[in-house]
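Working notes, beginning with the structure itself.
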């Protein structure tokens, strides 16, 4: 969050200039889906007012409740909620805590007033420009998108702890650079400070994954299934970055254990099938690291 957003006078001026629609009799409650990737949340929206409303698109940082994952999510725009109607809105996104379980299906997430909108809401592809009467479900004041001055602000904040010594293996970088972060970041403290960085990383990894799949620069067991391959590349590359950023390592052994846990008992697997699983694990992990390097969020040490 930029310094001017912390200035009370500037905040008042910003609110006046944004001309945000009044929520009126619009009530919302968000719950988990049990998923880490894809549809990570659902928002039940009830309009008890006498006029219909249209929801605005938002990119949001959803803080962890301490027991479950936090997320970067996207609230879709253009959803009509008629007067007296109730709708369920799907939020898509990615988990940012590899060491925590997803919020179970139906589990209530932190209130939307605590979600951090990042950047100005924009229209989705194929949709007309945002309507003046569109309303924002995440009502907190948006923080600016990640910029050059965020690096210095983060490093001087209470969420940052400098490394005592450089860790082994790949290092997390400031997005778009080859400069290592140089410390760890507490994702649970001051979400408004860390949100721009995390969203910037997600978007950089998405762009890199799209380019690598399009140009056939990666080979994984999911090659040929672009949507599944993209989702896997983005989420696991993000987990690698976030684990390094927070000091909680997410290693190839962790990924391997997750794969075998999903397969169940492998004691009866023929030798050839076990070898294929191991080959697939290596291919995936190499692709994750390559995606991070391509995105300029990881650098080989």
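All of the numbers you see were taken from the coordinates with simple rules; none came from a lab. In this text the structure is predicted, and so the values were computed from the model without any measurement. With ideal geometry, Cβ positions are generated from the backbone for all residues, glycine too; neighbour counts draw on all protein chains shown.
Some observations on this one:
- With Cα atoms, 0 to 90° folded angle of helix 226-246 axis to the chain main axis: 90 degrees
- Using a Gaussian network model of the chain in which every pair of alpha carbons under 10 angstrom is joined by a spring, one finds that among 74, 42, 214 the greatest mean-square fluctuation is at 214.
- Working note: 222 nm ellipticity from helices only, DSSP H runs with n ≥ 4, each -39,500 (n - 2.57), summed and divided by the residues of the chain, gives -11000 deg cm²/dmol to the nearest 500.
- The stretch between residue 139 and residue 286, if pulled fully straight at 0.36 nm per residue, gains 48.9 nm over its current Cα-Cα span.
- Just checking the listed ones, 237, 37, 177: in the Gaussian network model of the chain with Cα springs under 10 Å, the one fluctuating most is 177.
- Seen against the Cα atoms of the chain and their longest principal axis, helix 271-294 is set at about 50 degrees.
- Label sites at residue 51 and residue 148, each approximated as a point 7 angstrom past Cα along Cα to Cβ, lie 4.4 nm apart.
- Taking a ≥ b ≥ c as the square roots of the eigenvalues of the Cα gyration tensor, the stretch 114-260 is classed as oblate, since a/c reaches at least 1.5 and a/b does not exceed b/c.
- Potential extension, residue 258-residue 179 segment - 0.36 nm per residue separation minus Cα distance: 25.4 nm
- For the pair residue 299 and residue 156, a Förster radius of 22 Å applied to the C-beta separation gives a FRET efficiency near 0.45, rounded to the nearest 0.05.
- Highest-fluctuation residue, 174, 163, 285 considered, GNM on the chain with Cα pairs under 10 Å: 163
- Rounded to 10°, Cα long-axis angle of helix 191-214 versus longest principal axis of the chain: 60 degrees
- Extension gain for residue 225-residue 168 works out to 17.2 nm (0.36 nm per residue, less the C-alpha to C-alpha distance).
- Once both labels are positioned 7 Å from their Cα atoms along Cα-to-Cβ, the gap between residue 90 and residue 217 label points is 2.9 nm.
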